[in-house]
Amino acid sequence: MNTSTPSRVFSGVQPTGNLHLGNYLGAIRKFVDLQHEYECLYCIVDLHAITVWQDPAALRDQTLEIAAAYLAAGIDADKAIIFHQSAVSAHAELAWIFNCVARMGWLNRMTQFKDKAGKDKERASVGLFVYPNLMAADILAYRATHVPVGEDQKQHLELARDIATKFNNDFEAEDFFPLPEPLIKGAGARVMSLRDGTAKMSKSDPSDLSRIGMMDDADMIAKKIKKAKTDPEPLPDSLDGLNDRPEAKNLVGIYAALSGVTEEAVLAEFGGQGFGAFKPALADLAVEKVAPIAEEMRRLRNDPGYLEGVLGAGAQKADAIAAPILKEVKKVVGFLG
Ligand code: AQP
């Protein structure tokens, strides 16, 4: 039985294309900071990606693109473990066990399934429905204690805690799995669409103008910010003045997250000014922060052999942690060794 759980971070990004500023500010940038404090596993969750249709060649390509993004953003493959989910079988094996622990009622309450399945639930894959069980397995296969994610993943993380609790209770295995803590706070936890300040910036939004892509060049970033939806009012002097102005609030939030200052500080500088002045400043800042990452991603993408080597070595390290934990799980459940 495991009672002394060391702090360990696990998180992942789906290789589903169109990696955007929300993924960077909400997740990847935090991954970079955390690698100095914790043992970290950063996964490219290709098993999650196929819960909706993925062209096989594109999936391989997108997997390498996320590996390039991790490295270009500053994750050090000698410090953190970078790997793709399908290379470590513990994820799928533990997910099956969790399919038998989680309850239908719990999954029926997941808002992401409702959003992604849309009106035609009958045609959604079964994998999309049990997606949160796989996410719980991703985390708990390593007994990870901390999970940096954007706001949109909060409900799934609560479900992972429920699964860990039920497993520990059902098998009278107190503290077998830790209850993983979300690391959600901070600027950039919820970046909204540039076309609709009430919808999150998303990979699957049909409008490319809705997101700043991590591979966008300087001209494209400037164009998208120029075209971002706003209102005719100047920026207010205080945060209260952003209530009921979702698009303005979003752009101020992005500026704050990129520059590492508070939203109050952004308003102290730009309050009273119109978007004609604010948007070019935001575009310059976004180009300054994103363009070097995009350039490094492009350089790394030209060396697929190197990226595959990083992922292969990472998968071996990840497997070395997960395999003994899975072995213990099987014993607890009652499987013959
Ligand atoms: N808009 C966002 N703001 C802040 N964080 C975000 N994340 C996603 N969108 C935002 C965080 O990025 C990490 C990786 O996300 P993912 O690729 O695993 O899945 P996702 O949430 O499905 O990404 P998208 O872009 O929203 O794709 P679609 O369009 O398919 O729904 C996660 O930590 C997530 O919280």
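Among all positions in segment 54-69, there is no residue which is closer than 22 Å to Pro180 by Cβ, more than 12 Å from the ligand (Cβ to nearest atom), within 14 Å of the chain's Cα centre (by Cα) and β-branched (Val, Ile, Thr).
Beta carbons closer than 8 Å, at least 6 apart along the sequence or on distinct chains, pair a first residue in segment 173-191 that is in contact (Cβ under 8 Å) with a residue 40 or more places away in the chain and open to solvent by 60 Å² or more (accessible area, probe 1.4 Å) with a second that is part of a loop (DSSP other than H, G, I, E, B) and near the ligand (Cβ under 10 Å from one of its atoms) for Arg190/Gly150.
Just one of (1) within 30 Å of Ala77 (Cβ to Cβ); (2) in contact (Cβ under 8 Å) with a residue 40 or more places away in the chain; (3) open to solvent by 10 Å² or more (accessible area, probe 1.4 Å) fails for Glu247. It is (1). When you look at Tyr42, is it at pLDDT 95 or above, more than 10 Å from the ligand (Cβ to nearest atom) and either outside any helix (DSSP H, G or I) or farther than 25 Å from Ala286 by Cα (or both), yes or no? Against the criterion (at pLDDT 95 or above, more than 10 Å from the ligand (Cβ to nearest atom) and either outside any helix (DSSP H, G or I) or farther than 25 Å from Ala286 by Cα (or both)), Tyr42 qualifies. The number of residues in segment 113-148 being free of Cβ contacts under 8 Å to residues at least 60 places away in the same chain and not aliphatic (A, V, I, L, M) comes to 12. Val147 fulfils the conditions (1) open to solvent by 10 Å² or more (accessible area, probe 1.4 Å); (2) within 16 Å of the ligand (Cβ to nearest atom); (3) not in a helix (DSSP H, G or I) except for a single criterion, (1). Any chance segment 31-52 includes a residue that's out of contact with any Phe, Trp or Tyr (no Cβ under 9 Å at 6 or more places or on another chain), on the phi > 0 side of the Ramachandran plot and open to solvent by less than 50 Å² (accessible area, probe 1.4 Å)? Among the residues of segment 31-52, not one is out of contact with any Phe, Trp or Tyr (no Cβ under 9 Å at 6 or more places or on another chain), on the phi > 0 side of the Ramachandran plot and open to solvent by less than 50 Å² (accessible area, probe 1.4 Å), which makes the answer no.
Are any residues in segment 199-231 under 21 Å from the mean Cα position of the chain (by Cα) and within 19 Å of Tyr255 (Cβ to Cβ), and if so, which ones? Listed by number, the residues that qualify are Lys200, Met201, Leu209, Ser210, Arg211, Ile212, Gly213, Met214, Asp216. Say whether the condition of being within 30 Å of Leu194 (Cα to Cα), at pLDDT 95 or above and away from the ligand (no atom under 13 Å from the Cβ) is met by at least one residue in segment 94-110. Yes, segment 94-110 has at least one match.
When residues in segment 4-32 are screened for being more than 14 Å from the ligand (Cβ to nearest atom) and modelled with pLDDT under 95, 4 of them pass. What are the residues in segment 197-232 that are of a type in the set (D, E, K, R), crowded, with 19+ Cβ neighbours inside 10 Å and within 12 Å of the ligand (Cβ to nearest atom), if any? Of everything in segment 197-232, those that are of a type in the set (D, E, K, R), crowded, with 19+ Cβ neighbours inside 10 Å and within 12 Å of the ligand (Cβ to nearest atom) turn out to be Lys200, Arg211. At least 1 residues being hydroxyl-bearing (Ser, Thr, Tyr) and open to solvent by 20 Å² or more (accessible area, probe 1.4 Å) is the threshold, and among the helices (runs of 4 or more DSSP H) wholly inside segment 257-337 those reaching it are 304-333. The number of residues in segment 213-245 being closer than 29 Å to Ala294 by Cβ, assigned to a loop (DSSP other than H, G, I, E, B) and not β-branched (Val, Ile, Thr) comes to 7.
The values are calculated or read from the model by the stated rules, or taken from the named source; none is laboratory data. As the structure is a computational prediction, the values presented were derived from the model and not from experiment. Positions of Cβ are generated from backbone atoms using ideal geometry, with glycine treated the same way; all protein chains shown enter the neighbour counts. What goes into the accessible areas is simple: the full protein's heavy atoms, side chains included, and nothing from ligands, DNA or RNA. Shrake-Rupley method; radii C 1.70, N 1.55, O 1.52, S 1.80 Å.
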